[in-house]
Structure formats: C-alpha cells, structure tokens
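One structure below.
Computed from the coordinates by the stated procedures, all read-outs in this text should not be read as laboratory data. Please read all numbers here as calculations on a predicted model, not as lab measurements. Cβ coordinates were reconstructed from backbone atoms using ideal geometry, including for glycine residues, and neighbour counts include every protein chain displayed.
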Amino acid sequence: MNSAFIIVNPAAGRGQARTLMTSIRHAFSVLGVTDIRETHETGEEELMANKALAAGVKTIIAVGGDGTCSRVANAILHSGGLCRLAVIPCGTGNDFAKTLGVVRRTPQQIAELVAGATPTTIDVGLCDGYYFLNSCGFGFDASVLEATRRVRFLKGDAVYIYSALRQLFTYRGISVSVDASVDTMAARMLMLTVSNGRYLGGAFRIAPQASVIDGKLDVGFFGDIGLIGRVRLFAGAFRGTHVGLPSVKTKLVSEMTLRFSAPPMMEVDGELRQALSSTVKIECVPRALNVIAAPGYPV
C-alpha cells in the first residue's frame, strides 16, 4: 500500500475532517500509508492529485465532501483514469459517498476496504468540459447551493434543507431550451437536474432510479409551479416519490445540449460554477473511473 496517497480538505463539513485526522493517520499507518497532505485553499486537491499521479500513485483517498472528491476525480480522469479513488466522507451532503456505500463507515473500515476491496469502474458525467461524479443542476438547485453559503448555524443535511425551504418562497425559475434529441420545447422551469448518482444535497433522492454503471444520465425536468406544488415537490424529493408528480418529467440520456439566455450558474458536485457560455453540453462517459466501494455498491 505504499503507492497510496491521502488528500484531506480540513475545512470540509465545516471542520469535521479535522476531528478525524488522528483516526485516519492510525488506520492507514497500519497499511503503510503515511503520505497525507492537507489543502489550504479551494482547488488545491487537483494540484496535489496531479503531483501524486505523476509520481505513480495507484490509489488516492479523498477526505472531504463532494467537491473534494470531484476535484480529485478530475485529476485522475485527465491523467487517463487508471488510479483508484477512495473516499472518507466529511462533507455537508456526502452524496457521492452514499453512492459508494461508505457514508457511515469509519476511517478504519474504509482503510480495510482500500486494502482488500476489488475496485469497480463507474460512469462519470461531463458538463461544460468539467467531469462530475454525482450531479449538475440549473435553476433552483444552484440557487439553493448559493444560499447555503449564508447559513452558518447548521451542519450536514440541515444546511440544504433549511436553504431549500427558504428558496421555495422566493425563487423565480429559469428559461431553458433542450436539444431536439431530448425535448423540442423551450420551457420555464423551477430547475433542471442531470444525475449520475441518486442523491442531491444529502437528504434528497432526486434521481431514485439513477445508476452510475448504466452508461446513462438521469435528467429531471421540474416545471415552474405555484407554492403548494413546490411544497409537494419538496416533500416528495425526500423519498424519491416526486417523480410521479405531473410537474416532473424524467429522461435517460447519453448526451444533451441546453441553451439559456446567458451563461447560467450551475451546481456541479455540490459546488457553484458559472457556465462558459449560454450553451451547455452535457454527456455521460461510461465506465471511466475506478473506485473503492462497500460490498453491494455502487448500483
């Protein structure tokens, strides 16, 4: 295991990663893994991963949330995708960790998986030239993510739930058109989500039938509806039953193109990004990333 490397975002989960450092060091030192690096600013994970990959590292363990995992994965994918990615979840939503089945596992248990589990290969998405592991979203999704930045008195799933509830009353929707291969109409929507995994914001089963091994992305079209409809949608999203509502349409796609009136803000793996232009291309890249997952995962 001397070809493994650990990247820690100490700020992840509003400081949760720092509380796990002692147990992480102990769990992995038993395996001979002692190369642990902490980031000091956003985006440094990709830089560290690139250096590790250039040195021939075969496994990178990301300690943090979805953003940390996504940046490490982008480095791996741009290098050719042979390195394995493992995750010790310490973020706010930990959506990707849920996909891997490791969200409730201790550093010791994850170290055991890294030492003994057979890696599996999963699909990833590509949005506007950036790889994503879990999801990208437009409209309400991105607006809620932006609102979480102003919530300092909560942690974990509660941050997203609180922010989403507040946005239900004020968000005005987006106008977007989708290419003819998916939908020929331009529409006013509450939001549009493109999911590789099933979860969003920790608590929401936004794409309950999504799979990271089916070679497709699950698109959710959420019509712009009144307050009562929004409340029903919000409640249903916890259980994944919102897909049966009249205002929600879903479709499996290999690729699609979205067009907006201006470059939109978008949520990509739990982080806010602005599109490079008003036209955003999204596609699935099948079986592109090697990951370490719990038995029975991913699906």
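Here is the list for segment 109-179: trypsin sites (Lys or Arg not before Pro) lying in DSSP coil, each with at most 16 other C-beta atoms within 10 angstrom of its C-beta, are Arg149, Arg150, Arg152, Lys155, Arg172.
Within segment 35-92, none of the trypsin sites (Lys or Arg not before Pro) combine a DSSP coil assignment with at most 14 other C-beta atoms in a 10 angstrom radius.
The convex hull of the Cα atoms of the chain, projected and averaged over all directions, covers 14.2 nm². When Rg and Dmax are taken over the Cα atoms of segment 7-62, they come to 11.6, 32 Å. Considering only the chain, what is the antiparallel percent among its DSSP beta bridges, to the nearest 5? Looking only at bridges with both residues in the chain, the antiparallel portion is about 75 percent. Per-residue extension of 0.36 nm, minus the Cα-Cα distance of Leu165 and Arg259, leaves a gain of 31.1 nm for this segment. Overall, the chain carries a charge dipole of about 740 debye about its Cα centre when +1 sits on the Cβ of Lys and Arg and -1 on the Cβ of Asp and Glu, all other atoms neutral. Placing +1 on the Cβ of every Lys and Arg and -1 on the Cβ of every Asp and Glu, with no other charges, gives segment 4-117 a dipole of roughly 260 debye about its Cα centre. Basic side chains Lys and Arg get +1 at the Cβ, acidic Asp and Glu get -1 at the Cβ, and with that the dipole of segment 131-286 about its Cα centre reaches some 560 debye. Site pair Glu146 and Thr22 shows an inter-label distance of 4.2 nm when each label is modelled 7 Å from Cα along Cα→Cβ.
Using a cut-off of 21 Å between Cα atoms, the listed pairs Lys98/Lys249; Lys98/Lys216; Lys155/Lys249; Lys58/Lys98; Lys51/Lys155 include Lys98/Lys249; Lys155/Lys249; Lys58/Lys98; Lys51/Lys155 as exceeding that distance. Here r is the Cβ-Cβ distance between Glu38 and Ser177 and R0 is 45 Å; the resulting FRET efficiency, rounded to 0.05, is 0.55. Near the amide H of Val285, within less than 5 Å, lie the amide hydrogens of Val124, Gly125, Leu126, all on another chain or at least 5 residues away, with H placed in the peptide plane. For segment 283-299, putting each phi into the Karplus relation 6.51 cos²θ - 1.76 cosθ + 1.60 with θ = phi - 60° gives couplings of 8, 8, 10, x, 6, 9, 10, 7, 10, 9, 10, 6, x, x, 10, x, 10 Hz, in residue order, rounded to whole numbers and with x for Gly and Pro. Near the amide H of Gly93, within less than 5 Å, lie the amide hydrogens of Asp66, all on another chain or at least 5 residues away, with H placed in the peptide plane. For the pair Ser29 and Arg104, a Förster radius of 30 Å applied to the C-beta separation gives a FRET efficiency near 0.85, rounded to the nearest 0.05. Counted by neighbouring Cβ atoms within 10 Å, the residues Phe169, Phe221, Phe5, Phe140 run from fewest to most as Phe169, Phe221, Phe5, Phe140. Percent of C-alpha pairs per 5 Å bin in segment 131-286, short distances first: 2, 9, 20, 24, 23, 15, 6, 1, 0.
For segment 11-137, the calculated P(r) over all alpha carbon pairs, in 10 Å bins from 0 to the bin holding the longest distance, is 12, 47, 37, 4, 0 percent.
The Cα center of segment 225-263 and the Cα center of segment 80-100 differ in position by 25 Å. Cβ-to-Cβ counts within 10 Å put Phe234, Phe153 in ascending order as Phe153, Phe234, the fewest first.
For Met256, Met21, the sequence from fewest to most other C-beta atoms within 10 Å is Met21, Met256. Summing charges over neighbours of Ala27, with a neighbour being any other residue whose Cβ is under 13 Å away from its Cβ, gives +1 when K and R count +1 and D and E count -1.
Would you work out which of Thr193, Gly240, Leu145 lies farthest towards the positive end of the dipole of the chain? Charges go on Cβ: Lys and Arg +1, Asp and Glu -1. After comparing all options, I get Gly240.
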